[in-house]
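Only one structure is covered here, and it is reproduced in the block below.
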There are 2 protein chains.
Amino acid sequence: MDRFMGEAAREARASLAEGGIPIGAVLVRDGAVIGRGHNRRVQEDDPILHAEIDCLRNAGRVGRYGDCVLYSTLMPCYLCAGAVVQFGIPRVVVGESANFAGARDFLEEHGVEVVDLDLLACREMMHRFILDRPTLWDEDIGALE
Amino acid sequence: MDRFMGEAAREARASLAEGGIPIGAVLVRDGAVIGRGHNRRVQEDDPILHAEIDCLRNAGRVGRYGDCVLYSTLMPCYLCAGAVVQFGIPRVVVGESANFAGARDFLEEHGVEVVDLDLLACREMMHRFILDRPTLWDEDIGALE
C-alpha cells in the first residue's frame, strides 16, 4: 500500500480499536506527514470530527495548503471536501469510494485532483463497519431517517 | 435585530473580545438555541473552528438536522456550507455577505434556503476587522498569497 495511505489506514484502525468509525486521514507536505487524524464522533461525542477534519485540526495553522496532499481512507463527504476547497488543498488521494461516493464531483468542479486507489483493505474495513453499525454510519453522514 | 441573529452577534463580539475573528453562529430548533459558537482560530490555534463548525460541535450529536436553522453573522464558506449540506440543515440565516460572498450558490444548489439579513451592525464589525487584520482574515478563508 502507498506509504501515506498506509498511515491513513493505521489511523482508521486506531479509531476502530477505540470503538469509533474506521476512517483515517493524513496531510502531507514535501513528502512528510504534517498532520494525522481519525474520525472521533464516538470517542469525543463530536459530530464535526470526521477523519479529514481531525487531521486538518491536528496539522494546526498551516497557513497555505497549496503544496499539500490530503490522504483519506474514504472519499470525503461535503464537510471535508468543503474544507479542501476552502483551504485550497490541490490534491486528495482516497483509499476507496465503493462504500461512499462522497463529494468527488464537487472537489473536481473546484479544480481538486482526486485519486481513488480503490484498495481492497480500505473497502473491506468500511464495508464491515457499515454492516455492523448502520445507524452510527448514517448519523456520521447526516443520513438518519 | 432578529433574536437569534442577536445571539450570533453576541458570539461574534465575544470572539473579538478574546482577540479572535468576530464571527458567531447559533443552531436553532423549535425556537430554541441548541448550540452556539464562534470562530476560535486564534483562541485555540485551530484552523477548522470557524464559527459555524464550533457551533455544530457545541450542539453535540444532534442526529437529525432537518428541523434546524443555522444562524451566522457572515455567509458561510465552503467548509461550513459543506457541513450544512452534509448534515441536511435546510435553512441558513446570515447577518451579511458584503464582506464575504461565501458559498451561497453551493448551498442553494443543494436545496438549502439562504436568507441574508444584510445587517449594518454585522457588516461594520467584519469590515473593521478585515481592515485591521487582513492577513489573519486571509488565513481564515485559505486566501493567503
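The values are calculated or read from the model by the stated rules, or taken from the named source; none is laboratory data. Treat the numbers as computed from the prediction; the structure is a model and nothing was measured. Neighbour counts are summed over all protein chains in view; Cβ atoms, including those assigned to glycine, are modelled from backbone coordinates with ideal geometry.
Quick one: A:M125 ticks every box in (1) among the aliphatic types (A, V, I, L, M); (2) surrounded by fewer than 17 Cβ atoms within 10 Å (Cβ to Cβ); (3) part of a helix (DSSP H, G or I) except a single one, so which number is it? (2) is the only condition that A:M125 fails.
Residues satisfying the criterion are present in segment B:59-79 (criterion: of a type in the set (D, E, K, R), touching a residue at least 24 places away in the same chain (Cβ under 8 Å) and under 23 Å from A:R40 (Cβ atoms)). Residues of segment B:86-139 that are of a type in the set (A, V, I, L, M) and within 14 Å of chain A (Cβ to nearest Cβ): B:I89, B:V92, B:A101, B:A103, B:L107, B:V112, B:L136.
Residue-level analysis places B:G142 among those that are of a type in the set (G, A, S) and either more than 14 Å from chain A (Cβ to nearest Cβ) or not in a helix (DSSP H, G or I) (or both).
Set side by side, the residues B:L131, B:L70 differ, and just one is at pLDDT 95 or above and out of contact with any helix residue (DSSP H, G or I) (no Cβ under 7 Å at 6 or more places or on another chain), which is B:L131.
Taken as a whole, the structure leaves B:C80 outside the set of residues that are farther than 26 Å from A:R61 by Cα and crowded, with 18+ Cβ neighbours inside 10 Å. Would segment B:55-68 turn up any residue that is in contact with a Cys (Cβ under 8 Å, 6 or more places away or on another chain) and crowded, with 23+ Cβ neighbours inside 10 Å? No, every residue in segment B:55-68 fails to be in contact with a Cys (Cβ under 8 Å, 6 or more places away or on another chain) and crowded, with 23+ Cβ neighbours inside 10 Å. Taking the numbered list (1) under 15 Å from the mean Cα position of the chain (by Cα); (2) crowded, with 24+ Cβ neighbours inside 10 Å in turn, B:Q86 passes all entries but (1).
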